[in-house]
1. Could you tell me which numbered condition A:V94 fails, if it satisfies all but one of (1) open to solvent by 10 Å² or more (accessible area, probe 1.4 Å); (2) farther than 23 Å from A:L207 by Cα?
2. Working carefully through the options B:D43, B:D32, B:D83, B:D25, find the one that is in contact (Cβ under 8 Å) with a residue 24 or more places away in the chain and among the charged types (D, E, K, R).
3. Taking the stretch C:189-218 as the region of interest, how many residues are buried (at least 23 other Cβ atoms within 10 Å of the Cβ) and polar (S, T, N, Q)?
4. Return the residues of the stretch A:330-350 that are open to solvent by less than 50 Å² (accessible area, probe 1.4 Å) and over 17 Å from A:G276 (Cβ atoms); say none if nothing qualifies.
5. Tell me which of these A:V269 doesn't satisfy, since it passes every other one: (1) in contact with a helix residue (DSSP H, G or I) (Cβ under 8 Å, 6 or more places away or on another chain); (2) touching a residue at least 40 places away in the same chain (Cβ under 8 Å); (3) open to solvent by 10 Å² or more (accessible area, probe 1.4 Å).
6. Residue check, B:F109 against (1) open to solvent by less than 70 Å² (accessible area, probe 1.4 Å); (2) over 29 Å from B:R54 (Cα atoms); (3) more than 7 Å from every other protein chain (Cβ to nearest Cβ), all met but one. Which one?
7. Regarding the stretch A:42-59, can at least one residue be identified that is open to solvent by 30 Å² or more (accessible area, probe 1.4 Å) and either within 13 Å of chain C (Cβ to nearest Cβ) or of a type in the set (V, I, T) (or both)?
8. Among the residues of the stretch B:1-16, are any of a type in the set (G, A, S) and either assigned by TED's automatic domain parsing to the domain that holds B:A108 or in contact with a Lys or Arg (Cβ under 8 Å, 6 or more places away or on another chain) (or both)?
Amino acid sequence: MATTETVTVGPLNLDLPRFAGGMKWIGVFGVIGVIGTGITLAGAFGGNQDAWFSYQAAFAFWTATAVGGLILLAAHHAANAKWPTAIRRPMEAVAGAMPVMLVLGIPLLLPNALSAIYPWYHPEKFDAELLHHFHGHKELYLAPGVYYVRQAIYWVVFLLATEVILSWSKKLDEVGGHEFIRKTRSFSAGMLPFIILAVTWAGFDWLMSLTPFWQSTIFGAYYGAGGFLAAIAIVTIACLATRSDRSMFGYWMTKHHQHNLGKLLLAFVSFWAYIGFSQLLLVWIGNLPEEVPYYWIRLKTGWLPMSTFLIFGHFALPFVLLVPRTVKLMPRLLMAIAIWVLFVCMVDVYWMVLPALHEDGPHYSLYNFTAFLGVGGIAAAFAIFRLRGRYLVPVKDPYLVDSLQYLQPH
Amino acid sequence: MSRYWVLAEFAGPKALLTAARILRDEGLANVDLHSPHPIDGADEVLGLGASRVRWVGLVGGLVGAVTGYVTCWYTNAINFPIDVGGRPLNSAPAFIPVTFEAGVLFGAFALLFSMLAITGLPALYHPVFEAPGFERVSVDAYWLSFSIRSAEDRANEVAERVKAMGATRVSVVKDPRLEAMR
Amino acid sequence: MATEHAHAAAADPLAGVPVLLGNHTDETLTDTLFGHVWRKPGFGWYALFGLALAGFGLFVLAIAVTLYKGIGAWGNNIPVGWAFGIINFVWWIGIGHAGTLISAILLLFQQKWRTSINRFAEAMTIFAVIQALVFPVIHTGRPWYAAYFLFPYPSTNSIWPQFKSPLMWDVFAVSTYFTISLLFWFMGLIPDLASLRDRSKGKLQKIVYGILSLGWRGSGKHWHNWKVAYLIMAGISTPLVLSVHSVVSFDFAVALLPGWHATIFPPYFVAGAVFSGFAMVVTWIVPARRFLGLKDVITMRHLENMNKIILVTGLIVSYGYLMEHFIAWYSGNEYEWSVFVNRATGPYAGVYWLMITCNVVTPNLFWFKKIRTSIPAMWILSILVNIGMWCERFIIIVTSLHRGFVPSTWEMYYPTWVDFTLFAGTIGFFSTLFLLFMRFLPAVATAEVKEARHEMEIGHVHHHPGLMKAGLPEGHAAH
């Protein structure tokens, strides 16, 4: 009697070519990226605050997405999950954008940026009450030097985790066997707490400190949950978009994997709503003067429509759509939902950042679009570029066969 | 004419499904299977479409959620307005927990009762229990059952045919419930 | 093919211990898993049951004293108006959460290993929630009047409950949770109750199990609807279990008290609940699998997986602590920060450091496989976790209350003997119920284990779209 959960058929050597294409996409994303980033940064250094805030939002969003991909990847390894093996490469690609995110973040470390974006950079402008709080503890914590040290720590964690996991994945493609899987598994489990702590504090630094009075203990989880959801959406889109090419991961995604991706989307759309509701309810019902302005601005001014849009667009609509099993199994519809989810995740970060600049309501500017497209374009081009020369399916992974024969229970 | 239940035991789930499929193809409508655990593929052989309990559960959940919200709103904002620290009388965020819990509560009851209604449970007595050996169904036996309204010899004839399909044991039980109703 | 399989298994150092050991058929499974129901209980069971009944005696005594003397018999008073009652309530509710989590979330995640432990954990949920409910109900002072202000019905007072209060949300959340847990548990039990009915020797047993099983015939139609209903029940139980402890956390977080008003409370309470719940499952299942002869279905794999969940949820709890402390400091709010300083250095510092040791330090021992798979180590650690989680609730509740904004309101809290007796009594009552459960009902969901066994055996006849793409014949597999 077989007592193992899956039936083992031994190693499976798929005869796949290494990835040599993608130049078209690298070109398209690269051009969009360079133009978008160029326009935004030009505006920013020209002293336009909208450009700085948009760039900050776009950077925060795409970095959270890359970190989300990293968490997805590390969690899949740490949990010993075999089913995602066939579609692991797109997770690695999302995380693989990490180095370019660091480069894209450098302008935001310059004094011009800190000065334009963060009120704590100019405490002399604070009123007496704010200044009192600021002198409490934030003064030391938010001093630029300390701020830079923290940024360095986050990036060491993000880059170390990403690059080690990716380099072992590359080695696994060459030698196969269990050794690198085992190492990745332990490493991922050990790194996950640090990644999560780093993204939490990054959220505090990058977004929460935009409003110096505002603090919420769940903020890091809210920020991380959005990035994680965006990463799942991108993996879903990538798999569904490459279904017809045998050398691509999308071809090897069975309907059972697709179903699981749909379930993940559903779960983390709900998780986002849960975290968001917890924060909203407690701040709203507490009505403390130091906390409530964050929501006051978003609910009692011109930002209300966008807040309402998030409740329905970021939660209710995708939730209702994703519940039926049949929808999760429809490639085109699922693709549309995943694109929509990616879009609303961007809106969510926009909604966290821009009200700090325009307290009366949204003032849309060209930079809003150039920033998100620009930073995302460069990140995507870089991520695809890194896939060149790789197998798009972990061909020598001992669990590839388990992944391919993975079945949903009925 | 009486109602007779023909019961046949098969060696395993596969043999059971094969026999059930043949009988259904012949036009017997009320074939049922009895097994110690759900059998993969049984729904299709028995021609059972998607279970309706999910829809009843959904409606129950929605009714519950609406009831929950309306209770909070009607009692605290309309019938006896309660001002709590200046918060709005109709405080949607504060009413969501009760709305959610009531939705779950009603939904779960709808699920349970619709399952019982559709399966006809509780039914403490059923003629199939009369067949010797049927009690193993909850342990490791696989049985097939169907009822026909006919004379006794016709029922025995059918039973012989089922035996020919590979049944290891066949019983014919007269439905005493119909007798009692007469 | 068999050798190839054996070879492949040997080559895979990461393959775990199987979820089902031994060479079982459906019949031997039934006999093994029901064995403890038919066997006459031994001396050990009676000894434990006697002990538990003695504990239940304490429960009756403490309630009698409380009702006779009034709530003044408890140690809570202004400013610590909430103490043992709510500490124990939250502790017990939290313990219950593992049951629902195992049943519902693991079912949705298709974790096959859950079938061996879900019945056990669900029973624990129900019994734990009963204990939890005792505290707020008794704390009302005159419980027979409680319904007047807890449920919205048109009373002669012509006022309604105040629905903007988290305490009202709690009434709805906990009562819904208890009801759903019971329904879910019962629904899962029906096929096994039918099995018990069919294996019963005595007439009384046959009648009782017969009525409880509702006349289940294991028919295709039964299974068809049962499966869907059960799965959806699991689906709605998952957000339910998250909501329940979130609502419990709202009891504190909605208040503006320093140390309570933190947005991280809902997920952090849920994680803490799962953490303590899994620990309680380990505490009970380690001896139970031995004495009920369930080692074949509750293997080291189950225990190790549960310990991993304890580790993960322990880390989430630590994350919650870290956020609370950091934001208290970062906020620059001196009241908020002084609560945390007081927790670590004030009169209750001992409890605080015990909490940190049990909840933050010791779960990290589960990083080591040796400890994760050592029966004595996991048993001791699981008890430490439950001690730690009790201390956590004590710290949250008592330290935030005992020192208000003005030093003139500062007052120490000391529990009375009635507080301790009632708490010990609920442990006795819980143990009584659990021992009765293990005496009269199958501790393992037998029908589900059988289904899982069949799936494992015939798994390879399925249609594997992924393998077909790889050019392998459909269903190509060893057996």
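1. A:V94 satisfies every listed condition except (2).
2. On the way: B:D43 fails: in contact (Cβ under 8 Å) with a residue 24 or more places away in the chain; B:D83 fails: in contact (Cβ under 8 Å) with a residue 24 or more places away in the chain; B:D25 fails: in contact (Cβ under 8 Å) with a residue 24 or more places away in the chain.
Being in contact (Cβ under 8 Å) with a residue 24 or more places away in the chain and among the charged types (D, E, K, R) holds for just one of B:D43, B:D32, B:D83, B:D25, which is B:D32.
3. Counting residues in the stretch C:189-218 that are buried (at least 23 other Cβ atoms within 10 Å of the Cβ) and polar (S, T, N, Q) gives 2.
4. A:P331, A:L334, A:M335, A:I337, A:A338, A:L342
5. Answer for A:V269: the failing condition is (3).
6. Among (1) open to solvent by less than 70 Å² (accessible area, probe 1.4 Å); (2) over 29 Å from B:R54 (Cα atoms); (3) more than 7 Å from every other protein chain (Cβ to nearest Cβ), the lone unmet condition for B:F109 is (2).
7. No.
8. Checked the stretch B:1-16: at least one residue is of a type in the set (G, A, S) and either assigned by TED's automatic domain parsing to the domain that holds B:A108 or in contact with a Lys or Arg (Cβ under 8 Å, 6 or more places away or on another chain) (or both).
The values are calculated or read from the model by the stated rules, or taken from the named source; none is laboratory data. No experiment lies behind these values; they were computed from the predicted model shown. Glycine gets a Cβ as well: all are built from the backbone with ideal geometry, and neighbour counts include every protein chain shown. What goes into the accessible areas is simple: the full protein's heavy atoms, side chains included, and nothing from ligands, DNA or RNA. Shrake-Rupley method; radii C 1.70, N 1.55, O 1.52, S 1.80 Å.
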